[in-house]
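**Q** Before anything else, here's the structure in question.
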Amino acid sequence: MPWRDRGRGSRGPGRDRPLDANRKMKAMSTARRHSERHRTSRIGWLRAAVLGANDGIVSTASLVVGVAVAGASHQSVIATAIAGLVAGAMSMAAGEYVSVHSQADTENADLAREKAELERDPVAEHAELSSIYVGRGISPSLAPQVATQLMAHDALGAHARDELGMSVAIRARPMQAALASAASFAIGAGLPLVVVVLAPANELLWWVPGTALAFLIALGVLAARVGGSSIALGAWRVAFWGVLAMAITAGAGALFGAVA
């Protein structure tokens, strides 16, 4: 059957090489285009932003409800809301900067210690890194090779990541956290303030809690979408604690207003 031989000859090595090369080039192009976007890179600023906005809405709305229940005038309520916005934003920025800076100091101290240990006894550090990889499932024969290559590339980075659990995505950034907290608090606190200014004085106790609840639900939904978590759970969690805070503050305002 000579036609079969001719068919095989037409698909010889010379014909297969261009196809293989094209497949390889296509695979490399696909690999270059493929990029995964993980949400852990947002942890630092997302946590600070959600915390600041939530505190801004809840604390300002609660202050307004508390002083309004106590019988304060409309101008006094507005002044209280403005003071709460400014004081809260500064407090959030200072507190976030100090706390995150403490975390950064601890990380830097651990990195300095690890660097000194690498300079003093690199063999022991290599063995330690190898044992970590064995514990994660790499075979005992391959783990030392992995440790050798990673330490040759960036010894301190390998130990920071795999021994200390540090990564670029979740490293402490004090200034970023402080600015995110202050800005988000001011935005959050500005929402009830706008409601106080625009709503009728005799209807504040309806407008402020109602709009604050809507703002909190929207914040919970937004945070859940950005963070990739359950939208319903995120909205419920934020709304529940906000309503509880406003209710307790309103009770305190009513109590002390009656005493006064």
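**Q** Please compute the contact order of the range 42-248 in relative form: average sequence separation of alpha-carbon pairs under 8 Å and at least six residues apart, divided by the residue count, as a percent.
**A** That works out to 40 percent.
**Q** Which Cα, out of Ile78, Ala160, Ile57, lies furthest along the positive dipole direction of the range 42-248 (beta carbon charges, K/R +1, D/E -1)?
**A** The residue sitting most towards the positive pole is Ile78.
**Q** Non-local amide H neighbours of Arg173 (under 5 Å, H modeled in plane, Pro and chain starts lacking H): which ones?
**A** Here nothing satisfies the definition.
**Q** May I have the extent of the alpha carbons of the range 42-248 along their three principal axes, as whole Å values ordered from largest to smallest?
**A** For the range 42-248, the Cα spread along each principal axis is 77, 32, 24 Å.
**Q** Then there's this: When the Cα centres of the range 76-102 and the range 109-153 are compared, how far apart do they sit, in Å?
**A** What the calculation gives is 44 Å, centre to centre.
**Q** Which value in nm describes the separation of the simple spin-label points at Leu255 and Ala79, placed 7 Å from the Cα toward the beta carbon?
**A** It is 2.6 nm.
**Q** Using the crude model of +1 on Lys and Arg Cβ and -1 on Asp and Glu Cβ, and no other charge, please compute the dipole size for the range 42-248 relative to its Cα centre, in debye to 20.
**A** For the range 42-248, the charge dipole is close to 700 debye.
None of the figures in this text is laboratory data; all of them are computed from the coordinates on show. Only a predicted model underlies this, so the values are computations on that prediction, with no experimental measurement involved. Positions of Cβ are backbone-derived with ideal geometry, glycine not excepted, and every protein chain shown enters the neighbour counts.
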